[in-house]
Each structure stands twice: as C-alpha cells, then as structure tokens.
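Scroll down for the structure; my scribbles are underneath it.
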Amino acid sequence: MARQDSFIKLNGKVGDLSFFKTKDGYQARTKGGVSADRIKNDPNYKRTRENNAEFTEVTGSSKIIRDVLRSMILLTHDPKMATRLTSRVFKMIKADLVNVRGARKVLPENFGLLKDFNFNEAAPLNNTLFVTAVASIDRVSGVVELTIPEIMPEIHLAQPKGSTHFRLTAGAALISLDEEIEPSVMLMESSNYQAVGEVLVASVLTSTLPPNALGAILLVFGISFYQEVNTLMYPMNNGAFNPLCTVAVDTP
C-alpha cells in the first residue's frame, strides 16, 4: 500500500489503482483479490461457491418475507431489523436436512424458526403488553384469529410518555417463496384507537386467507402508540416505541 504525496489528493479508481482516504492519510493500492472466474471454476473454491449460493438463497428469501410483511413493518421502526431477520433466515436454511450443502433451501416447513421474532428490538412485545393474546390458525379454512383479553392500560401496557392512544393490529400473512406456485397474501385487522386511560374490552381480530394454502402462515401482532392533537392521531416518534412480533406460525 502506498501513500499519496501529491498536493492533489485522489479518491476512486484509475485503471488497476484504487485511491482512498484513511485515518493515516490518503492511500493508494493496486487491484487485488481472486478473480471471479477462478472462484467460479477452481476446485479449491468449492466451499466459497457453496456459501455464495446459500447466501443468495437467504438474502432473497429474507427480502420476500420483508416485502410480504411490509405493511405491518411500516408500523414500527428498527434500522437493524433487516439484518436480524436475515440472521434468523440463515438458521432456517441450516435446518434443511434434505438438500446438500450449497443447495440447501429456505423451506416452508422451517418457518417455525420465525416465531417470537421481534421486528423492533428496542420494544419487544413481551416488554410492552402484559397479557397473553391467543392465536389460532386454521389452514383448511384459512381463518386466522387473535383473541385479546381485556387490557387495563395502566396495568397491562408499558406506554411511552406523551402517548394518548394506542391501537392493536394483527397481520395474517401467507408467505410464498415461489409466486408461480402460489401468490403471497397479507391481510391486516386493527382495533379502534383506544385512549390510554380507558379499559379495552376483550376482542378478536380475524382475517381469512385462501383455504388449504401450501406455504407458511404467519400471524404478526403489533401495538401502535399515538398522540392526539386537534382530533388527529400522530404516531409517537415514527413508530420507534411500537412492538411487532410473530406470535404464531403454521407450516405445511
């Protein structure tokens, strides 16, 4: 690695040379590394090719999951959520006991590993709501239900300072990793806005997915907090306090 001594400091690439700035000043180095052709064909890089293939499978599947759940994910905020979800999907591909290394897949039967995944690490569901909602997924009929017991906010809810209302949302998602075989579906049901000083009576949030689905079915449950100003509801800190969690998974 060489140091740039010219009064003209360069950043970027010129031919096989790369110019960049570090804490030690402006540096230059020649292009290096293993060629793509060698990685693709050299027997010594067989393990690298296997890892690359599975990485592509994982990142693609993780993106599909995020895309299907996007309308629910938008209710909360966690900059590191995508990275954490991809890490969980890596566990799913390692659970494939059918295909050989390098050809392993993210299979519907391994989606159970997504249960209890919190999409907002800073606000886990079990640290926000202190009653237990009961989930029910009927694959044959497609009916997905979340039964929520009575909630007394001053006892059962850890609400952010300044919030005046909250809302419960259940999302039923059919996740398909192959849209040609079966399309993905995302349905959401929400409660009314509830004042934090009032008791929320027991309720059931119900959605109906296509019957006899082939893919994994996820039930995602979230709580959104709001501040009412002049009859309008404003999300608290853009959803940073809102928990969102996969509370149930049904696999084929």
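Below, the figures for the structure above:
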item	result
Which listed residue, of I137, I148, is farther than 16 Å from S224 by Cα and of a type outside the set (K, R)	I137
Which listed residue is of a type in the set (V, I, T) and in contact with a helix residue (DSSP H, G or I) (Cβ under 8 Å, 6 or more places away or on another chain), from V89, V143, V100, V68	V89
Selection within segment 112-131 - open to solvent by 30 Å² or more (accessible area, probe 1.4 Å), of a type in the set (A, V, I, L, M) and not in a loop (DSSP other than H, G, I, E, B)	L113
Residues of segment 46-82 classified as open to solvent by 100 Å² or more (accessible area, probe 1.4 Å), modelled with pLDDT of 95 or more and in a helix (DSSP H, G or I), total	2
Residue match in segment 171-183 (condition: charged (D, E, K, R), at pLDDT 95 or above and either touching a His at 6+ places or on another chain (Cβ under 6 Å) or in a loop (DSSP other than H, G, I, E, B) (or both))	yes
Top-ranked residue in segment 196-211 [being under 21 Å from L232 (Cβ atoms) and exposed (fewer than 14 other Cβ atoms within 10 Å of the Cβ); ranked as modelled with the highest pLDDT]	E198
The one condition in (1) surrounded by 13 or more Cβ atoms within 10 Å (Cβ to Cβ); (2) over 22 Å from S71 (Cβ atoms) that E150 fails to fulfil	(1)
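The values are calculated or read from the model by the stated rules, or taken from the named source; none is laboratory data. Just so we're clear, the structure is a prediction, and the values are computed from it rather than from any experiment. Note that each Cβ is placed from the backbone with ideal geometry, even for glycine, and that neighbours are counted across all protein chains shown. These accessible areas exclude ligands, DNA and RNA; they are computed on the full protein's heavy atoms, side chains included. Shrake-Rupley method; radii C 1.70, N 1.55, O 1.52, S 1.80 Å.
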